[in-house]
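Peer 1: I'd like to ask you about the structure that follows.
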Amino acid sequence: MNRFRQSALLLPLLASFLFLTSKAGLEAKSANRDSVNQDSANHDDAVAAAAFEELVPVLRNPRCMNCHSSGDYPRQGDDMHRHTMEVRRGPDGHGLNAVKCSTCHQDHNLPGIHTPPGAPDWGLPPPSMPMIWEGLSDHHLCELLKDPQQNGHRSVAKIVEHIHTPLVLWAWDPGEGRKPIPSSENLFLSAVERWAAHGAACPLEKTK
Ligand code: HEC
Ligand code: HEC
């Protein structure tokens with residue numbers, strides 16, 4: 001009888017122990033599955049790389065390249081000639097000595113042709129991180145944009161944020177006499193977001 005009573009007492013204990021452990025196990029499993037889902041549901045290298053390719057024609061447009069080309073000076077025009085008047089990058093990207101960008105460039109375009117265009121924070125990236133993508137392949141351009149050592153210490157989310165700033169969006173409304181980016185601003189912004197949301201993979205280096 002003793003044995004019978006013992007097991008009668010033990011059984012419910014054992015049952016609830018089994019119930020609790022399996023419940024915890026299930027919870028852990030489903031939590032695990034959720035986090036995997038979050039990554040893998042959206043993470044898609046092919047989609048991300050394709051989205052990046054959509055950005056490339058904009059990134060290489062003269063409106064952007066005039067500030068993202070080699071040299072210690074900005075460029076001008078569709079032929080990307082060297083900025084006139086001896087304008088230089090300077091130690092912080094905002095000009096050298098008395099010739100600051102803000103001497104001429106305001107936070108908005110000035111009316112008329114051949115007047116200085118403008119947007120908030122008009123300037124070049126600093127010489128310590130010049131963000132030059134002239135001459136880079138699509139693959140390397142993408143790697144540069146993502147590299148915190150070269151992109152102003154930005155996470156991918158911060159790049160997306162930066163791309164929404166008036167300085168970048170200026171290129172769709174660059175002032176009289178200048179060609180705006182020919183493709184849609186909204187398509188560009190949605191491609192940036194798609195690239196980031198799917199894991200920000202880079203296109204592969206093309207082999208020729
Ligand atoms: C007047 C000069 C100027 C123009 C025009 C310009 N940029 Fe920039 N860009 C900068 C400066 C300055 C920075 C660095 C800002 C900082 O670090 O705070 C920058 C940084 C960036 C970055 C972040 C750096 C990186 O490597 O991830 C991206 C992306 C970028 N620009 C894209 C563009 C695109 C796209 C265009 C054209 C649609 C454009 N820029 C036009 C000056 C310019
Ligand atoms: C002495 C005045 C002056 C200074 C200083 C100056 N700029 Fe300019 N910039 C101009 C004028 C004027 C234009 C327009 C030229 C035109 O449209 O023919 C211009 C045009 C530009 C353009 C060309 C935009 C395009 O896509 O064609 C860029 C980029 C630019 N400046 C960047 C800079 C940067 C960066 C600095 C500081 C490092 C700077 N500028 C300093 C007067 C100046």
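Each reported figure results from applying straightforward, stated rules to the coordinates on display, with no laboratory input. As the structure is a computational prediction, the values presented were derived from the model and not from experiment. So basically every Cβ, Gly included, is an ideal-geometry build from the backbone, and we count neighbours across all protein chains shown.
Peer 1: Of all the C-alpha pairs in the range 44-197, what % are more than 23 Å from each other? Display every interim value, and only then the final one.
Peer 2: Details: 4132 of 11781 pairs.
Distances greater than 23 Å cover 35 percent of the Cα pairs.
Peer 1: Find which of Trp195, Pro148, Met129 sits farthest along the positive direction of the dipole of the range 44-197, computed with +1 on the beta-carbon of Lys and Arg, -1 on that of Asp and Glu, about the Cα centre.
Peer 2: Met129
Peer 1: Straight-line reach from Lys100: which aspartates and glutamates have Cα under 16 Å away, leaving out those fewer than 8 places along the same chain?
Peer 2: The qualifying aspartates and glutamates are Asp72, Glu86, Asp92, Asp121.
Peer 1: Which whole-number percent gives the relative contact order of the range 59-197, counting Cα pairs below 8 Å spaced six or more residues apart?
Peer 2: Numbers: 196 pairs, mean separation 29.3, N = 139.
Reported relative contact order: 21 percent.
Peer 1: Using a cut-off of 15 Å between beta-carbons, work out the net charge of the residues near His153 (Lys and Arg +1, Asp and Glu -1, His153 not included).
Peer 2: Net charge in that neighbourhood comes out at +1.
Peer 1: Please report how far the C-alpha centroid of the range 81-103 lies from that of the range 142-186, rounded to the nearest whole angstrom.
Peer 2: Using only Cα atoms, the two centres lie 21 Å from each other.
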